[in-house]
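The values are calculated or read from the model by the stated rules, or taken from the named source; none is laboratory data. The shown structure was predicted, so the numbers you read here are calculated from the model rather than taken from an experiment. Using ideal geometry, Cβ is built from the backbone for each residue, glycine included, and neighbour counts are taken over all protein chains shown. What goes into the accessible areas is simple: the full protein's heavy atoms, side chains included, and nothing from ligands, DNA or RNA. Shrake-Rupley method; radii C 1.70, N 1.55, O 1.52, S 1.80 Å.
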Amino acid sequence: MKYVKYFKEISVEDTNLVGGKNANLGELISIGIPVPLGFAITAEAYKLHIEKNNLAEKIFSILSDLDVLDSNALENASKKIREIIESGEIPEEVKIEIIEAYRELGKKVGKINPLVAVRSSATAEDLPTASFAGQQETYLFVEGEEELLKYVKKCFSSLYTPRAIAYRRAKGFDDRKVYLSVGVQKMINSKASGVMFTLDPVTGNRDVIVIEGTFGIGETIVQGRVRPDQFVVDKKNLIIIREFISQKSRMSIRSQEGGIKEIPIPEDMRERPCLTKDQVIILARYALEIEKHYG
């Protein structure tokens, strides 16, 4: 396929085509890390969407005299550009490939219209001099072909969130040379979620692995709405040398109406660790494999 690549087909060599996030998911699969199944809609699909709908000049005329330090002007410019991109029709050749890959994913997971996460992956993402993390949108628990196409367009347009526009301007990136890929990935309805570091992110100590997590889906951690549990593992012997179990009051879960919602954590779970000790060690082993691979 020209506009869609399965994760297993891509690696870090393909960052220009599928962005940093998707390229690294493919890379992790290549070394046996259990990444949920999915596929990348390439930057070429984004370019074709802009080109076939004649959107480029409309977008860049709005940006040409924008003062990014004027927050109202920045918000308005972002809103206009996003509406312009989302008003365009995804080119038929792209649409056909997306639907084919989505149906194939459904076969692999044994479900028609599987629930997926739809994630943005910018082609200039996470360079040595800049990190684009969190600047574009992610949509969770997306179900069905029409919904998928709708949220792919929303990801396309999120290349122009206020934060992304301002950051590119500050870092000297040319808006005409940054494109967007979209990752479509089997949605994990997680009991616990979090983030893992192959060093201590506060002290820089490289002899430990630090794992932070909470109950439910990761949005409460991402948005800083809950203080996560923290586990510190010694790299040499994979022993947990320190743990902090927080009092967790809220968690994000799937909403029956679609998307996610935040609910109070049941009283009897609030001071319980979100991971067992065995799970912490399994994760730490993956961290070592990943660190070894990336150097």
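Things worth noting here:
- Qualifying strands (runs of 3 or more DSSP E) (wholly inside region 155-254; at least 2 residues being small (Gly, Ala, Ser)): 180-186, 192-197
- Reported count of residues in region 142-154, each being assigned to a strand (DSSP E or B) and surrounded by fewer than 19 Cβ atoms within 10 Å (Cβ to Cβ), is 0.
- Selected residue (criterion: most open to solvent (accessible area, probe 1.4 Å)) from residues of region 205-226 that are under 22 Å from residue 252 (Cα atoms) and among the hydrophobic types (A, V, I, L, M, F, W, C): 222
- Every condition in (1) of a type in the set (A, V, I, L, M, F, W, C); (2) without any contact (Cβ under 8 Å) to a residue 60 or more places away in the chain; (3) open to solvent by less than 40 Å² (accessible area, probe 1.4 Å); (4) touching a strand residue (DSSP E or B) at 6+ places or on another chain (Cβ under 6 Å) holds for residue 195 except the one numbered (3).
- Taken over region 90-112, the criterion of being in a loop (DSSP other than H, G, I, E, B) and open to solvent by 60 Å² or more (accessible area, probe 1.4 Å) is satisfied by 110, 111, 112.
- Qualifying position, being hydrophobic (A, V, I, L, M, F, W, C), under 21 Å from residue 166 (Cα atoms) and free of Cβ contacts under 8 Å to residues at least 60 places away in the same chain, among 81, 96, 85, 62: 62
- Residue match in region 115-133 (condition: of a type in the set (Lys, Arg), under 29 Å from residue 7 (Cα atoms) and in contact (Cβ under 8 Å) with a residue 60 or more places away in the chain): yes
- The set of residues in region 62-89 being out of contact with any helix residue (DSSP H, G or I) (no Cβ under 6 Å at 6 or more places or on another chain), over 22 Å from residue 42 (Cα atoms), in a helix (DSSP H, G or I) and open to solvent by 70 Å² or more (accessible area, probe 1.4 Å) consists of 64, 71, 72, 76, 79.
- Just one of (1) more than 15 Å from residue 157 (Cα to Cα); (2) of a type in the set (A, V, I, L, M); (3) open to solvent by 20 Å² or more (accessible area, probe 1.4 Å) fails for residue 56. It is (1).
- Just so you know, in region 1-37 the residues that are part of a loop (DSSP other than H, G, I, E, B) and among the small types (Gly, Ala, Ser) include one that is surrounded by the most Cβ atoms within 10 Å (Cβ to Cβ), and it is 11.
- Flag if residue 229 is modelled with pLDDT of 95 or more and either touching a helix residue (DSSP H, G or I) at 6+ places or on another chain (Cβ under 8 Å) or surrounded by 12 or more Cβ atoms within 10 Å (Cβ to Cβ) (or both): yes
- Among the residues of region 48-65, those that are of a type outside the set (Asp, Glu), modelled with pLDDT of 95 or more and out of contact with any Gly (no Cβ under 7 Å at 6 or more places or on another chain) comprise 48, 50, 52, 54, 56, 58, 59, 60, 61, 62, 63.
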